[in-house]
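The values are calculated or read from the model by the stated rules, or taken from the named source; none is laboratory data. Quick caveat, the model's predicted, so the values are computed rather than measured. The protein model used for the area step is the full one, side chains on, heavy atoms only, and it has no ligands, DNA or RNA in it. Shrake-Rupley method; radii C 1.70, N 1.55, O 1.52, S 1.80 Å.
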Amino acid sequence: MPLRLIATDLDGTLLDSSSTVTPRTRAALDAARARGIHVVPVTARQPIGLRALAGGAGFDDWALCSNGAYATHLTDGRMLFAEELPAETIRTLAEALRASIPGLLFASVREGGETFVAQHGYADIADLSDHKRDPRTMGGVALDQVLAAPSLKFVIRHPELAPTDLFESLQALGLTGFEATLSGAPFVEVMAEGVTKATGLARLCEHLEIDRRDVIAFGDALNDVEMLRWAGRGVAMADADDVVQDAADETTTSNDDDGVARVIERLLG
């Protein structure tokens with residue numbers, strides 16, 4: 001296939017189990033960039049989580065954050081677009097969920113992903129790996145403050161219930177006006193209506209004047225499904241769920257076996 005852009009999820013896909021880019025994977029990304037191919041991280045993470053690994057991965061171009069909600073340039077900080085979930089929608093969703101599930105905790109990602117507004121108690125059950133933020137820096141505010149402003153990503157979690165259970169409960173409400181997904185993190189992630197990694201990638205490719213047929217995408221989780229279907233070639237990781245592998249054109253080896261690098265090496269010859 002002609003190849004002009006590589007779109008890759010990070011956790012569970014490009015990064016190994018220690019959350020690093022292996023030398024083989026870095027070499028494959030560098031070889032692609034040397035041929036003028038864009039390498040774009042497409043992630044649920046925010047810029048704070050990208051900056052921590054940008055040097056090791058060589059990321060210095062565009063990135064898609066919050067599951068495609070916004071595109072930011074990692075070198076000069078430009079924002080290409082940002083799709084926010086309205087505060088009214090967030091409030092309606094939170095109230096409906098709290099009526100059926102006690103003990104829920106919420107957080108809101110705002111202002112280009114730089115601001116993280118967490119409800120009192122959220123930091124107590126969070127780890128550094130959850131949002132690539134030290135929980136001691138999260139603080140805590142009243143729920144009304146979490147729900148008071150638009151959000152690039154709205155986070156729903158529970159101290160005991162699994163994210164899959166929360167996701168099913170959310171779907172069962174029958175509410176509309178938002179897009180919810182799972183990334184493998186211990187919470188449900190909610191974006192503006194219609195926002196997925198695929199929609200964000202489509203907007204970025206339009207800006208770069210790249211046809212979807214010239215895009216290859218890699219992923220491993222539910223939030224990657226739409227992107228794998230949209231790209232000219234979608235590649236799932238070996239340990240991805242069936243729904244992810246079904247959405248892809250092929251399956252590569254695991255993230256701990258340089259699955260992304262193996263495909264890039266093959267395509268570059």
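The share of Cα pairs per 10 Å bin across the range 153-249, counted from zero up to the longest distance, runs 16, 41, 33, 9, 1 percent.
For the range 139-269, the solvent-accessible area of protein heavy atoms averages 42 Å² per residue (probe radius 1.4 Å; ligands and nucleic acids excluded). For VAL39, the residues whose modelled amide H falls within less than 5 Å of its own, excluding neighbours fewer than 5 places apart on the same chain, are ILE6. Based on alpha carbons, the Rg and Dmax found for the range 96-208 are 14.4, 46 Å.
Across the range 21-71, counting alpha-carbon atoms alone, Rg and Dmax equal 11.1, 30 Å. For the range 112-152, the relative contact order is 47 percent, taking Cα pairs closer than 8 Å that sit 6 or more residues apart in sequence and dividing their mean separation by the residue count.
Residues in the range 234-244 carry Karplus couplings, in order, of x, 10, 9, 7, 4, 9, 6, 4, 4, 5, 6 Hz; the curve used is 6.51 cos²θ - 1.76 cosθ + 1.60 with θ = phi - 60°, and Gly or Pro positions show x.
Stokes-Einstein diffusion for the chain at 20 °C, viscosity 1.002 mPa s, with a Kirkwood radius from C-alpha pairs, works out to 115 µm²/s. In the full protein context, the range 1-89 carries 38 Å² of accessible surface per residue, based on a 1.4 Å probe and ignoring ligands, DNA and RNA.
Phi angles of the range 4-11 translate, via the Karplus equation with coefficients 6.51, -1.76, 1.60 and θ = phi - 60°, into HN-Hα couplings of 10, 8, 10, 10, 9, 5, 9, 5 Hz per residue; Gly and Pro are given as x. Taking HIS38, HIS120 and ordering them by how much accessible surface each has at a 1.4 Å probe, largest first, produces HIS120, HIS38.
Relative to one another, the C-alpha centroids of the range 28-62 and the range 89-125 are positioned 29 Å apart. A cut-off of 5 Å between modelled amide H atoms, ignoring neighbours fewer than 5 places along the same chain, links TRP62 with LEU74. Binning the alpha carbon pair distances of the range 13-146 at 5 angstrom intervals from zero yields the distribution 2, 9, 17, 18, 18, 15, 9, 6, 4, 2, 0, expressed in whole percent.
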